[in-house]
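Student: Here it is, the structure in full.
The values are calculated or read from the model by the stated rules, or taken from the named source; none is laboratory data. Remember, predicted model here, so these are calculated numbers, not experimental data. Backbone-built Cβ (ideal geometry, glycine too); neighbour counts: all protein chains shown. For accessibility, only protein heavy atoms count, side chains too; no ligands or nucleic acids. Shrake-Rupley method; radii C 1.70, N 1.55, O 1.52, S 1.80 Å.
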Amino acid sequence: MIVHPSSVVSKESEIADDVSIGPFCIVRGRVKIGKGTKLESHVSLGSDFGIVEIGENNVICSGAALGGPPQDIHYKNEPTKLVIGDNNMIREFSTISIGTPRAAGVTKIGNHNLIMAYVHLGHDCQVGDHNVIVNSTQIAGHVQIDDHVTIGGVCGVNQFVRIGSYTFIAGYSSVNKDVIPYSICRGNYAVSAATNKIALDRSGFSPALIENIHKAIRIIIKGSSTINDGIDRIQKECESSKEIDYLIRFVKESKRGIAK
């Protein structure tokens, strides 16, 4: 472990041998850091009461504050968690809070995510893998972001929203409802306006599968009077696949309603 002499590291922490901690960092309380992870300067990890677990080969840039208390008036210093996976890049001055007992008690970030500068991820958020969250986007508590999502800059996402896989949310959007998978969503308040065909193509989806997904999305956002009507039409008119099953399941499970 390489620790700059200006940094302060808690005696309660567990840090792998090859972790690098740059100047003026603070590691507070119960923090576990996996091998190959690098902290640049002025990083703050942990809090007096929370628990932070960070996996392997992450890069945490200057000024990031991870694992601080949740911004929730009901939080009473319970030992809730922030869990971060492997191979994430967390850029300058991003903030990610620990969870709250009112939910599962864990804020979770998966693997291979790029979280750009000045992003905030609130308490109890659940972020999957291979996502990109662009500068200054603010995400409230309890938000679920699945996989391969891109959220543009200066967006706001309301609490309890779910964002489906392979979604693109255009910059400066305000999201207050669930965003269906495979779609392009934009506006204030944001609505799903098209299929994210370019991302699906770049991710190796076949042309036939992309067209099948496109047909299902058009039914949901343009061709049905109710969600149940849309689901019935998709089951009748679209070829069954794991992608279509995921889309239907997502719509059925939506608690905030679909942005359309």
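Student: How many residues, within the range 131-141, are crowded, with 21+ Cβ neighbours inside 10 Å and assigned to a loop (DSSP other than H, G, I, E, B)?
Tutor: Total meeting the criteria: 3.
Student: Quick check on the range 22-44: of everything there that is closer than 15 Å to Met89 by Cα and assigned to a strand (DSSP E or B), which residue is most open to solvent (accessible area, probe 1.4 Å)?
Tutor: The qualifying residue most open to solvent (accessible area, probe 1.4 Å) is Lys38.
Student: If a residue counts only when it is touching a residue at least 24 places away in the same chain (Cβ under 8 Å), which helices (runs of 4 or more DSSP H) contained entirely in the range 191-260 have at least 2 such residues?
Tutor: Filter on the range 191-260 gives 197-202, 207-221, 242-253.
Student: Quick one: Phe168 ticks every box in (1) at pLDDT 95 or above; (2) over 11 Å from the mean Cα position of the chain (by Cα); (3) within 19 Å of Gln71 (Cα to Cα) except a single one, so which number is it?
Tutor: (3)
Student: To continue, here is another question. Only one of (1) part of a strand (DSSP E or B); (2) in contact (Cβ under 8 Å) with a residue 60 or more places away in the chain is not met by Lys108, so which one is it?
Tutor: (2)
Student: Where residues in the range 142-155 are within 22 Å of Tyr75 (Cβ to Cβ) and open to solvent by 10 Å² or more (accessible area, probe 1.4 Å), which of them is farthest from the chain's Cα centre (by Cα)?
Tutor: Checking each candidate, the answer is His142.
Matching residues to (1) in contact with a Lys or Arg (Cβ under 6 Å, 6 or more places away or on another chain); (2) open to solvent by less than 90 Å² (accessible area, probe 1.4 Å); (3) under 24 Å from Gly152 (Cβ atoms):
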{"residue": "Cys185", "(1), (2), (3)": "no, yes, yes"}
{"residue": "Ala208", "(1), (2), (3)": "no, yes, no"}
{"residue": "Ile220", "(1), (2), (3)": "no, yes, yes"}
{"residue": "Ser225", "(1), (2), (3)": "no, no, no"}
{"residue": "Gly230", "(1), (2), (3)": "no, yes, no"}
{"residue": "Ser241", "(1), (2), (3)": "no, yes, no"}
{"residue": "Ser254", "(1), (2), (3)": "no, yes, yes"}
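Student: Give the residues of the range 73-98 that are touching a Ser or Thr at 6+ places or on another chain (Cβ under 8 Å) and either crowded, with 19+ Cβ neighbours inside 10 Å or not in a loop (DSSP other than H, G, I, E, B) (or both), sorted by residue number.
Tutor: Tyr75, Thr80, Lys81, Leu82, Val83, Ile96, Ser97, Ile98
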